[in-house]
There are 2 protein chains.
Amino acid sequence: MTSTNSVETQAQTQFDHPCPVRDVLDRIGDQWSLLILTALTPGTLRFNELHREIGDISRQMLSRTLKRLEQDGFIERKLYAEVPPKVEYTLSPLGHSFLVPMQALIEWADANHVQICQSRRQHRAQNEE
Amino acid sequence: MTSTNSVETQAQTQFDHPCPVRDVLDRIGDQWSLLILTALTPGTLRFNELHREIGDISRQMLSRTLKRLEQDGFIERKLYAEVPPKVEYTLSPLGHSFLVPMQALIEWADANHVQICQSRRQHRAQNEE
DNA sequence: GTACTTAGTTACCTGGAGGTGACCATGACA
DNA sequence: TGTCATGGTCACCTCCAGGTAACTAAGTAC
């Protein structure tokens with residue numbers, strides 16, 4: 001984990017990333033990736049449509065995140081040779097399959113969020129007295 | 001999302017966090033939380049045992065992360081009135097239940113990591129030429 | 001000629017995650 | 001007397017995710 005750059009590079013070319021879960025979570029655990037994927041679940045969207053849909057993302061982060069998601073194979077990008085440019089983003093089969101286990105996690109979060117918040121309130125109350 | 005501090009505070013006291021999934025992912029999506037939870041799956045561990053188990057975490061981050069996980073109710077902390085101090089960390093029922101949907105995600109990651117890495121390599125190759 | 005559109009890119013800035021090393025109190029042991 | 005172990009905390013530093021604002025190229029409408 002704590003490694004020099006050369007070792008890091010070597011490890012990445014050999015195994016790309018030592019721990020699959022950590023790798024996936026690193027990508028998906030950011031502020032926007034999951035939001036973008038779920039926004040694309042109903043179907044194809046263009047860049048500005050995504051931008052409007054998500055609302056509070058900057059165009060820079062949208063661009064960056066889309067690029068990473070495309071590189072990792074979660075989404076597909078189709079560029080039309082028109083002016084003004086038209087670009088369509090679609091979930092790939094990999095992206096769809098990812099949302100299946102993710103859905104279970106989303107349901108867990110919905111079901112247990114109240115309990116988590118209660119727990120937080122309790123601990124806050126204990127620290128305040 | 002983009003909000004002043006006062007509005008943020010108000011929202012948190014009212015609903016604690018607007019989006020459950022985002023809230024959970026914010027906590028669990030960091031570098032260490034999931035690693036700690038899985039390290040605790042087999043059973044109770046003490047602070048330094050966890051530190052040794054995970055290996056490359058700093059004591060400060062271990063302490064901080066454990067505190068957050070305890071506040072959110074994922075783990076339980078038991079302090080023994082001994083000298084030198086003895087503290088035991090255990091997965092709570094909530095923590096255990098969380099690992100169920102998480103397990104599905106871990107399996108997905110294991111199964112599809114190769115494909116993700118291939119996709120990355122392809123895109124890297126395309127950009128290099 | 002001027003403004004609008006699309007899909008980005010670029011430079012610059014900030015906050016927070018995470019690391020490092022020193023420090024604390026207490027008792028056991030040599 | 002000093003050293004070790006435990007479970008932390010504190011001050012300080014670095015790096016990067018993410019935001020903002022300005023800019024681009026080409027066509028269309030006024």
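Taking 1 over the mean of 1/r across every pair of different Cα atoms in the protein assembly as shown, what Kirkwood radius in Å do you get?
It is 20.5 Å.
What is the gain in length, in nm to one decimal, between A:Ala104 and A:Glu49 on full extension, counting 0.36 nm per residue of separation less the C-alpha to C-alpha distance?
Here the answer is 17.1 nm.
Over the protein assembly as shown, with every protein chain in place, what whole percent of the accessible area is carbon and sulfur at 1.4 Å, could you tell me?
Answer for the protein assembly as shown is 51 percent, counting heavy atoms of protein chains only.
Under a Cβ-only charge scheme (Lys and Arg +1, Asp and Glu -1), can you give me the dipole magnitude of the protein assembly as shown about the Cα centre, in debye to the nearest 20?
So the dipole magnitude of the protein assembly as shown works out to roughly 300 debye.
Provide the per residue accessible area, probe 1.4 Å, for the protein assembly as shown, rounded to a whole number of square angstrom.
For the protein assembly as shown, the solvent-accessible area averages 59 Å² per residue.
Can you list the distances in nanometres, one decimal and ascending, from the B:Gln122 label point to the identical position in each other copy, with the point 7 Å along Cα to Cβ?
Those label-point separations list as 4.9 nm.
Ordered by packing density, taken as the mean number of other Cβ atoms within 10 Å over each peptide's residues, highest first, how do B:112-123, B:41-52 rank?
In descending order of packing, they fall as B:112-123, B:41-52.
Normalising by the residue count of region B:31-128, find the relative contact order in percent from Cα pairs under 8 Å and 6+ residues apart.
In percent, rounded to a whole number, it is 25.
Nearest-to-axis residue of chain B, judged by Cβ, for the B-to-A rotation, with distance in whole Å?
B:Gly29, 1
Excluding ligands, DNA and RNA, what is the accessible area buried between chains A and B, summed over both sides, using a 1.4 Å probe, to the nearest 100 Å²?
Using a 1.4 Å probe on protein heavy atoms, the buried area is about 4100 Å².
On a 0 to 90 degree scale, rounded to 10, what angle separates helix B:5-15 from the longest Cα axis of chain B?
Roughly 70 degrees, rounded to the nearest 10.
Under Stokes-Einstein, with the Kirkwood radius over Cα pairs standing in for Rh, what whole-number D in µm²/s applies to region B:69-109 at 4 °C and 1.567 mPa s?
111
Return one number: the angle in degrees, 0 to 90 and rounded to the nearest 10, between the long axis of the Cα atoms of helix B:93-128 and the longest principal axis of the Cα atoms of chain B.
Helix B:93-128 and the main axis of chain B meet at about 30 degrees.
Among the lysines, select those whose C-alpha is under 25 Å from the C-alpha of A:Lys78, and discard any that sit fewer than 8 residues away in the same chain.
Candidates past the 8-residue exclusion: A:Lys67, A:Lys86.
Which residues does a label at B:His96 reach in region B:21-48, if reach means a backbone N under 12 Å from a point 7 Å past the Cα toward the Cβ?
Taking a point 7 Å out along Cα→Cβ of B:His96, the residues of region B:21-48 whose backbone N falls under 12 Å are B:41-44.
Rounded to the nearest whole Å³, what is the per residue volume of the convex hull around the Cα atoms of region B:31-128?
Taking the convex hull of the Cα positions in region B:31-128, it is 130 Å³ per residue.
Only four residue types carry charge here, +1 at the Cβ of Lys and Arg and -1 at the Cβ of Asp and Glu. Report the dipole size of chain B about the Cα centre in Debye, rounded to the nearest 20.
Computed about the Cα centre, the dipole is about 260 debye.
The values are calculated or read from the model by the stated rules, or taken from the named source; none is laboratory data. Remember, it's a predicted structure, so these values are computed and weren't measured experimentally. With ideal geometry, Cβ positions are generated from the backbone for all residues, glycine too; neighbour counts draw on all protein chains shown. Ligands, DNA and RNA are stripped out before the accessible areas are found, and what is left, the full protein with its side chains, is counted by its heavy atoms. Shrake-Rupley method; radii C 1.70, N 1.55, O 1.52, S 1.80 Å.
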